[in-house]
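*Asks:* Starting off with a structure, shown below.
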Amino acid sequence: MNMKTHIYLLLVITVLGLAAVPSRAGTDTDKDLSKKLSDFLTECEKITPGMTRTQLTNLFVVYSGGVMPLPDFEQHQSFFYRRCDLIKIDVDFSPSDSKDARPTDIIAKISKPYLAWSVAD
């Protein structure tokens, strides 16, 4: 065999070898992480418009950007998940006559959960 034949044969073997190796994309799933996220999403789906601030704060804490949250009523607030401060939601409360946030404030709208960095204290 001449040099061209050897190179051609080596090239064919290499190409066939690469084609025979199965792709690993998408097979390295972290089952523990997937289970935790699934559990979180199930918990989060329990929070719906019409529920109270108290029900919300069983799972979430007011996100204050690293400062002490004020007791004042705010119609729109961000909250983070108690078990992971990277998971956040935005909540709109029904308008209130009170200037203070109350446990009975009613959730009017809630965002889907999202990931965002936390501000360090």
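*Asks:* Going residue by residue through region 47-61, is there one that turns out to be modelled with pLDDT of 65 or more, of a type in the set (Lys, Arg) and closer than 20 Å to Trp117 by Cβ? Step through it out loud before you land on a result.
*Replies:* So in region 47-61, the residues modelled with pLDDT of 65 or more come out as 47-61.
Next cut, of a type in the set (Lys, Arg) only: 53.
Checking which are closer than 20 Å to Trp117 by Cβ leaves us with none.
Checked region 47-61: no residue is modelled with pLDDT of 65 or more, of a type in the set (Lys, Arg) and closer than 20 Å to Trp117 by Cβ.
*Asks:* Moving on to the next point. Could you grab the pairs with beta carbons closer than 9 Å, sequence gap of 6+ or different chains, first residue in region 29-46 and without any contact (Cβ under 8 Å) to a residue 24 or more places away in the chain, second one assigned to a helix (DSSP H, G or I) and surrounded by 12 or more Cβ atoms within 10 Å (Cβ to Cβ)?
*Replies:* Lys46/Gln55
*Asks:* Could you list, in sequence order, the residues of region 62-77 that are modelled with pLDDT under 60 and over 23 Å from the mean Cα position of the chain (by Cα)?
*Replies:* Of everything in region 62-77, those that are modelled with pLDDT under 60 and over 23 Å from the mean Cα position of the chain (by Cα) turn out to be Met68, Leu70.
The values are calculated or read from the model by the stated rules, or taken from the named source; none is laboratory data. Bear in mind that the values here come from a model prediction, so they are computed numbers and not experimental data. Positions of Cβ are backbone-derived with ideal geometry, glycine not excepted, and every protein chain shown enters the neighbour counts.
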